[in-house]
Amino acid sequence: MKNESNTSLANVKRKKTAVAAGVFLLPAFLLIAIYFIYPIIDTFVISAYKWNGISSARTFVGLENWKTLIHDKNFWDAFEHNIIIMVFSIMLQIPIGMLLATFLDAGGKKFNAFKIIWFLPYLMSSVAIAFLFTYALATNGGIFSSLASIIKGTKVTIDLLGRSPHALFAVIGVMAWQYTPFYMVYFMAGYGNIDTTIYEAAIIDGATRGQYVRLIAIPLLGPIFKTACTMSLIGSLKYFDLIWNLTQGGPVNSTELMATYMYKLSFQQFNMGYGSCVAAGMFILITVIALLFQKVFVVKEDY
Amino acid sequence: MQTKTVDYKKEKRKSVIAWTIAIIMACFWLVLTLTPFVFMVLNSFRKQFDMLQQGVFHLPDPWYFLNYVEVVTHGFFGYFFRSVIVVAISLVLMLLISAFAAYPLARMKFRFRGIIYAGIVALMSVPMHVTLIPVFKLTTDMGLYDNLFSLIGPYVTFALPMSVFILTAFMMTIPKELEESAEIDGCGRFRNFFSIILPLSKPGLSTLAIYNGVATWNEFAFANTLLQTASHKTLPLALGQFKGEHALDIPIILAVLTLSVLPMIILFIVFQDKLVKGMMAGAVKG
Amino acid sequence: MKNRILAVLSVAVLTVTTLVGCGSSASIDSAEVPATGPDESTTGKQTDGKNLPELTTEEMTITLWDIATEEPGRPTQEAAVARFMKDYPNIHVEQVHQQNDNYKQQLVVAMSSGQCPDMYVSWGGGPMAEYYKSGFADDITDLYNKYDHPDFIDAAIAQGSYKDKILGIPFGSLSGCDIFYNKTIFKDLGLEVPETIDELEDVCAKLKENGITPFALANSAKWTGSMYYMYLVARHSGNDEFDAAYTQEGSFGSEAFLFASDKIQDWVKKGYFPDGVNSLSPDDGQDKQLLYDGSCAMMLHGSWMAGSMSSDNAEWYQENIGVFRFPEDSEAKAKGVPQDVEIGTAIGNCFNFNSKGDQAKLEAMYVLATQYYNDDTYNQMQMDSFQTPSIKGFENQVTDPNMKIITDVFFQASNVQLWYDQYLPASVTEVHKNSMSALFGLEKNGAEIGADQDAAMKAAIEEQ
């Protein structure tokens, strides 16, 4: 008897929780239903058509586009570029961002100037970044070519954006430069979220700063790390902006990404049907990778 | 404890070396982040011809200030204020709504939690360009085409998945005990949310404000698609006035970009304090 | 062969029209007289006395999309619309300036949502054909034949046509493509303007000996490198081989294409193009830069470069920059291949119309495009900014010496070949552009890029 009333009490509590959760989630759900659901369904529907994107006539082709996609070398090359960018973005942006944040957290107010200047790249628009890096990476008067020439004593040309494998890595470098400041701020907020008494207790116990970071802060920042990695992962898989301004996917597709490929097909080559298929494929791939990542990196969820 | 005292000197020396290395690396990173910015600003004080002839990484010679006059006389402040309005409204809405949504995901146990969470991740994966046509259709159907406020819906919505995702992670790090004690006190979920969770999420919220604020401030694609009259356009579209099919005045464009980044820098300087302030500052009192 | 935009511009026709002077709209009435009379609905219009459709007196709104976001294009085009609305106060023209970079995307978005503007700018070529086939571009052949219009050059009308149907009214300017060169460097080194490709190569060799890179090329946009390719093909075979490749009766791997590819790669190897040519960006002015700072001596580019350089620094431009037409291929000439094919565009932009069957609206738009755009005031404003209207007779009014040469070369051309990247179907364009970076990057040879382009062209023909 006692047990039963307990479960019913638990049931009531669970129901109440569900209702409360629903109420909190409702505004977000509404907006998502208006602006997200239709585009997603629409994309999948269009992917079953051969359509130039503007005509009122479209031809139903079933899975034809999907069959093409599976064998489309351009798409899988682009996917590979995305994966390379993803790996390097996570390897560069997150650790550097973490280091910078740790430095600032340790230094406190005296390092405000560092903080503000380090943050500048994130504030610059992709247009300005693309312009400046086009010149900075240029063979003629660019920073790298000039430096190499000074070091070697003769004129050296370092062609970073114009050749096949280099271009992708040049872009990765620029991306890291642009986005690291965000992760810096993000981890600073993470540090800010740690109870200051924990730090004080650790120091009283004789821990050094390094030990505090390694043994206490980083484990506490677990969920923050995981989300940062997820953000970087998804961000690099659907990346568009800077590439579009810097290389437009060139030279010879060597920096083509899924998103730029999709954009060209849909809006420039009158191939909306297949473009939508690429978009849908991209959506599926990114979601699967992101969810796998969520599963693989289990962090202790404290509640 | 004993070894600590013995190693005290060694520790100290180690720490000095560590700090020296850290400062050197910090300065290196400083140069790396500052240089492009400085050249953006410097080049905005030149004529295009001088810039091209002397090279982009050259000091202005002579200094040329009329680019800024040109920018300001081409309706810069109009673009600017419209952007301020859109970004401000969008930010408030998106922070509030995503905090609402993140709260149950982070701190309640209910049936579809896992699925909803996965759904949020899936929504983050939607490539932005597939939404252009549907959002355009929707906006014209609602009669909001060429209306500044048509941007708010898409801006808020497309920032939601990422924001909910981040905030959920932040709210998870808030110690469970704080909330429970509140519940025992008789607070309802809502009071709990407003009086404890929301204030404690300040670092998360301010990160989001920065992330979404910058993104919205620079947003081009939706603004370009949904607005058409010059007097309704936002700041990122102001560049178009100096950029044609075959004409491009780079220094003026850099002047526009410099002017548009300034307020963001000022805001960051003013509010960056909020980022590092420990959460307990507000929580213990509350 | 039907869907070609190539046009034959006969010199004979030209000499006649140059005597006549300007075309119909340009000469007859300089109707800048302000409309003052009380009954201004019947008098004082600049279109009075012309053979034009009677326009509606009812209220009407026309949505117009252009890409005139910047000066001087914006004021020029806004003024044309303003003159029209003054003469026809019942017709309201809603003029929307779209940004060029995203313009094609904007059109796709609007058209697919049923919000296509009533009239909009296009460049002719492949995309215009697509708009027509999807029902967004009206056939205006009848209107054009029935009513007055400026005496456009034949190539301009041909470029605004698809399968012999006139779809577009030109309002931009003709853009040839020629070699700008640094007069000062040429004089200092005692170099002559080359007449043949062999002479051009001698010039290049001399420049190279003196530590100057011959060509300022920024090929990250790919259509810039394509100019060299297109010209070498055209000098070696006229239009024949390209036309054959276009229908795939021939091939992009045929002799002239191989000749062009080999020449280019030979020049790349000899260092006639700047290092890292594929990474340099014309949008960011890196080709002009090489000319300005004296590291390069020549630049094959569209004629808009004259205006662009002049607005950067008029004094420097006049002092240092000259222009010559792309040299001849003497061997091909001996075989009778025409050496006066021009690469470029005869119209720059044209207006397409989407009246959705509303004849009154179509007529109003026709009058706006032919009589207010393209009128004296408009053309003068165009000329003032280094733009030559695509109207017969204007070649005689050009004053800038370089523009004079460019315009003359253009008008004397036997044929105007539209840029491949605008002429080819959109899917082939992408392959062609990539071929250009592979070519200049020495990643693929002529036969390989020929095969790539053939495959894309075949696929595009099948799609038709």
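The values are calculated or read from the model by the stated rules, or taken from the named source; none is laboratory data. Remember, predicted model here, so these are calculated numbers, not experimental data. Positions of Cβ are backbone-derived with ideal geometry, glycine not excepted, and every protein chain shown enters the neighbour counts.
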* Asked: Just checking, which of C:26, C:80 is more than 11 Å from every other protein chain (Cβ to nearest Cβ), at pLDDT 85 or above, under 24 Å from the mean Cα position of the chain (by Cα) and in a helix (DSSP H, G or I)?
  -> C:80
* **Of the criteria (1) touching a helix residue (DSSP H, G or I) at 6+ places or on another chain (Cβ under 7 Å); (2) modelled with pLDDT of 90 or more, which one residue A:198 fails** => (2)
* Kindly provide the set of residues from the range A:266-303 that are at pLDDT 90 or above and within 19 Å of residue B:115 (Cβ to Cβ), ordered by number. => A:283, A:284, A:286, A:287, A:288, A:289, A:290, A:291, A:292, A:293
* Asked: Residues in the range A:59-89 that are in contact with a helix residue (DSSP H, G or I) (Cβ under 7 Å, 6 or more places away or on another chain) and farther than 13 Å from residue A:277 by Cα: how many?
  -> 10
* Assuming residue A:22 fulfils every condition listed in (1) closer than 17 Å to residue B:116 by Cβ; (2) buried (at least 18 other Cβ atoms within 10 Å of the Cβ) apart from one, which condition is it? -> (2)
* To do: With the condition kept exactly as written, say whether any residue in the range C:53-68 is part of a helix (DSSP H, G or I) and among the charged types (D, E, K, R).
  => no
* Asked: Any residue in the range C:382-405 that is over 24 Å from residue C:45 (Cβ atoms), within 14 Å of chain A (Cβ to nearest Cβ), outside any helix (DSSP H, G or I) and under 19 Å from the mean Cα position of the chain (by Cα)?
  -> no
* Asked: Does residue C:256 count as buried (at least 24 other Cβ atoms within 10 Å of the Cβ), assigned to a helix (DSSP H, G or I), touching an Asp or Glu at 6+ places or on another chain (Cβ under 6 Å) and among the small types (Gly, Ala, Ser)?
  -> yes
* Structure fact -> Checked the range B:48-79 for anything among the small types (Gly, Ala, Ser) and more than 8 Å from chain C (Cβ to nearest Cβ); matches are B:75, B:78
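Rundown of residues vs (1) among the aliphatic types (A, V, I, L, M); (2) assigned to a helix (DSSP H, G or I); (3) at pLDDT 85 or above; (4) over 16 Å from the mean Cα position of the chain (by Cα), yes/no style:
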{"site": "A:87", "(1), (2), (3), (4)": "yes, yes, yes, no"}
{"site": "A:93", "(1), (2), (3), (4)": "no, yes, yes, no"}
{"site": "A:114", "(1), (2), (3), (4)": "no, yes, yes, yes"}
{"site": "A:128", "(1), (2), (3), (4)": "yes, yes, no, yes"}
{"site": "A:147", "(1), (2), (3), (4)": "yes, yes, no, yes"}
{"site": "A:177", "(1), (2), (3), (4)": "no, yes, yes, no"}
* Give just the number: which of (1) within 12 Å of chain A (Cβ to nearest Cβ); (2) modelled with pLDDT of 95 or more; (3) under 16 Å from the mean Cα position of the chain (by Cα) does residue C:424 not satisfy? => (2)
* Working carefully through the options A:213, A:298, A:252, find the one that is over 23 Å from the mean Cα position of the chain (by Cα), outside any helix (DSSP H, G or I) and of a type in the set (A, V, I, L, M). => A:252
* For the range A:233-249, enumerate the residues that are more than 12 Å from chain C (Cβ to nearest Cβ) and assigned to a loop (DSSP other than H, G, I, E, B). => A:238, A:239, A:240
* Residue that is among the hydroxyl-bearing types (Ser, Thr, Tyr) and either at the interface with another protein chain (Cβ under 7 Å from one of its Cβ atoms) or at positive phi (or both), where the choices are B:168, B:157, B:216 -> B:157
* Check on residue C:278, within 14 Å of chain A (Cβ to nearest Cβ) and part of a helix (DSSP H, G or I) -> yes
* To do: Return a yes/no flag: does the range A:47-67 have any residue that is away from chain C (no Cβ under 14 Å), under 30 Å from residue A:165 (Cα atoms) and surrounded by fewer than 18 Cβ atoms within 10 Å (Cβ to Cβ).
  => yes
* Scan the range B:119-130 for residues that are facing another protein chain (nearest Cβ under 8 Å) and either in a loop (DSSP other than H, G, I, E, B) or at pLDDT 90 or above (or both) and report the count. => 6
* Lone unmet requirement of (1) more than 20 Å from the chain's Cα centre (by Cα); (2) among the basic types (Lys, Arg); (3) surrounded by 24 or more Cβ atoms within 10 Å (Cβ to Cβ) for residue C:269 -> (3)
* Asked: Given the structure, is residue C:294 within 14 Å of chain A (Cβ to nearest Cβ), more than 23 Å from the chain's Cα centre (by Cα) and assigned to a loop (DSSP other than H, G, I, E, B)?
  -> yes
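Any idea which of C:346, C:332, C:364 is among the small types (Gly, Ala, Ser), in contact with a helix residue (DSSP H, G or I) (Cβ under 8 Å, 6 or more places away or on another chain) and crowded, with 22+ Cβ neighbours inside 10 Å? Lay out the reasoning, then the answer.
Values: C:332 fails: crowded, with 22+ Cβ neighbours inside 10 Å; C:364 fails: in contact with a helix residue (DSSP H, G or I) (Cβ under 8 Å, 6 or more places away or on another chain).
Among C:346, C:332, C:364, only C:346 is among the small types (Gly, Ala, Ser), in contact with a helix residue (DSSP H, G or I) (Cβ under 8 Å, 6 or more places away or on another chain) and crowded, with 22+ Cβ neighbours inside 10 Å.
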* To do: Quick one: which residue in A:230, A:197 is of a type in the set (S, T, N, Q), over 30 Å from residue A:53 (Cα atoms), touching a residue at least 12 places away in the same chain (Cβ under 8 Å) and not in a loop (DSSP other than H, G, I, E, B)?
  => A:230
* All positions within the range B:43-67 that are buried (at least 18 other Cβ atoms within 10 Å of the Cβ) and assigned to a helix (DSSP H, G or I) -> B:43, B:48, B:49, B:50, B:51, B:52, B:53, B:67
* Structure fact -> Going through (1) within 18 Å of residue C:433 (Cα to Cα); (2) touching a residue at least 12 places away in the same chain (Cβ under 8 Å) one by one, residue C:276 fails only at (2)
* Could you please give the count of residues in the range C:88-111 that are in contact (Cβ under 8 Å) with a residue 60 or more places away in the chain and outside any loop (DSSP other than H, G, I, E, B)? => 2
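Here is a yes/no grid of residues against (1) touching a Gly at 6+ places or on another chain (Cβ under 8 Å); (2) of a type in the set (Lys, Arg); (3) crowded, with 22+ Cβ neighbours inside 10 Å:
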| residue | (1), (2), (3) |
| --- | --- |
| C:115 | no, no, no |
| C:125 | no, no, yes |
| C:132 | no, no, no |
| C:138 | no, no, yes |
| C:144 | no, no, no |
| C:166 | yes, no, no |
